[in-house]
Amino acid sequence: MKMLVLLVLLAALPAAVPDISGVWKVDGAIQDNPVTPTCTLKQTEAKLSGSCKMDSDQVSDLSDVTGEVKGKDVTWQFSLKYEGTTYTLTFNGTLDSETSMKGSITVNPSDTDGDFTAKKQ
């Protein structure tokens, strides 16, 4: 009986949030245009912060990363300037493992989207 009570109590505990802090290499595409930022993410409890770098010389003024982790679901965003317009890229992903995730990218204000995979370096 004690074992049954212990198992019920353990099942009621919230799932631990995985720590995804580290450098992530993102490989994605938006309308056949490659998106390949390298993002350094820092997780504090369920909140994400950090920065991303882009390989393109045409991109400037990258903002800091904000986001959150809920179980295996990860969301983060940052803004950048491209050809005089500021765009916000939002990444909605699911962790496949502690070092791999995949998901979708939404770009505003252009209302375009795409897909990505990411590997922790």
Give me the residue from the range 54-69 that is within 15 Å of the chain's Cα centre (by Cα) and among the polar types (S, T, N, Q) and, out of that set, nearest to residue 83 (Cα to Cα). 63
Of the residues 20, 105, which single one is assigned to a loop (DSSP other than H, G, I, E, B) and hydrophobic (A, V, I, L, M, F, W, C)? 20
Can you pull out every residue in the range 57-102 that is outside any strand (DSSP E or B) and of a type outside the set (A, V, I, L, M, F, W, C)? 57, 58, 61, 63, 64, 71, 72, 83, 84, 98, 99
The residue from 90, 85, 106 that alone is exposed (fewer than 13 other Cβ atoms within 10 Å of the Cβ), farther than 13 Å from residue 20 by Cβ and hydroxyl-bearing (Ser, Thr, Tyr) is 85
Considering each residue of the range 30-52, count those that are under 15 Å from the mean Cα position of the chain (by Cα) and in a strand (DSSP E or B), and give that number. 14
Conditions (1) in contact with a Phe, Trp or Tyr (Cβ under 9 Å, 6 or more places away or on another chain); (2) closer than 20 Å to residue 115 by Cβ; (3) at pLDDT 95 or above -> residue 72 fails only (1)
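The values are calculated or read from the model by the stated rules, or taken from the named source; none is laboratory data. For clarity, every value in this text was computed on a predicted model and none was experimentally measured. Every residue, glycine as well, gets a Cβ built from its backbone with ideal geometry; the counts of neighbours run over all protein chains shown.
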